[in-house]
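Single-structure report; data block below.
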Amino acid sequence: MGTKTLSSTMEDYLETIFNLEKNKKIVRVKDIAQKMDVKLPTVTSMLNNLVERGLINHEKYEYVELTREGKRIAKDVYRRHVIFRDFLTGILNVDATTAEEDACKMEHAVSPVTLERFVMFMEFIESCPRGGSDWLQNFDEYIKHGRNENKCLKRMKDFERQYSTKIRKLENKIK
């Protein structure tokens, strides 16, 4: 069956199973229920749906395991989650609990194009200077050509010169 029309809840179940598989050898229905804070019948109903779609293997009273396709989708959802969580905590300084909750919402709503641009922006922030009025214009160049060590170094030195002058002027005003 097609996996194109997965709901955010289905994606959450796949991601939960993926995370549980990383931490445990075997995943049980009760593990999923506990992790997602839902009742066992709710989990069973969703697992039946995921089995029909070919995304998990599960027989009544047995363990749950992702299929190859289920694992591919789960890894993608997890990747999106981590990218958004890291941006929210590392760049925007959002507290970890809020970042987890928001990342979970955001991971379902973004297109692959936007996600990749998001990843590139985070890489840019980590690798090039963060100052000056042309900073975001430099991001456009980064998108087109990748990181250029010489240009980044030049921008850092220009930024340093510009702000050293501003700092001295402000210090002289304060004195």
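Bridgeable aspartates and glutamates around residue 24 (alpha carbons under 17 Å apart, same-chain partners fewer than 8 residues away excluded): 15, 62, 65. Taking Cα atoms, how many degrees apart are the long axis of helix 40-52 and the longest axis of the chain, rounded to 10 and kept between 0 and 90? It works out to around 90 degrees. When the Cα centres of segment 1-48 and segment 93-115 are compared, how far apart do they sit, in Å? First find each Cα centre; the distance between them is then 19 Å. Label sites at residue 75 and residue 121, each approximated as a point 7 angstrom past Cα along Cα to Cβ, lie 2.6 nm apart. Note on residue 24 and residue 110: the model spin-label points, each 7 Å out from Cα along the C-beta direction, lie 3.0 nm apart. Taking 0.36 nm per residue of separation and subtracting the current Cα-Cα distance, fully stretching the chain between residue 67 and residue 102 would add 9.8 nm. For segment 31-162, the percent of C-alpha pairs falling in each 10 Å distance bin, counted from 0 to the bin holding the largest distance, reads 11, 28, 27, 17, 10, 6, 1.
Taking every lysine pair in segment 59-175 that is 8 or more places apart or spans two chains, those with Cα atoms closer than 25 Å amount to 12. For the pair residue 168 and residue 92 in one chain, pulling the backbone fully straight at 0.36 nm per residue adds 24.4 nm over the alpha carbon distance.
None of the figures in this text is laboratory data; all of them are computed from the coordinates on show. Every value quoted in this text rests on a predicted model; they were computed, and no experiment measured them. Positions of Cβ are backbone-derived with ideal geometry, glycine not excepted, and every protein chain shown enters the neighbour counts.
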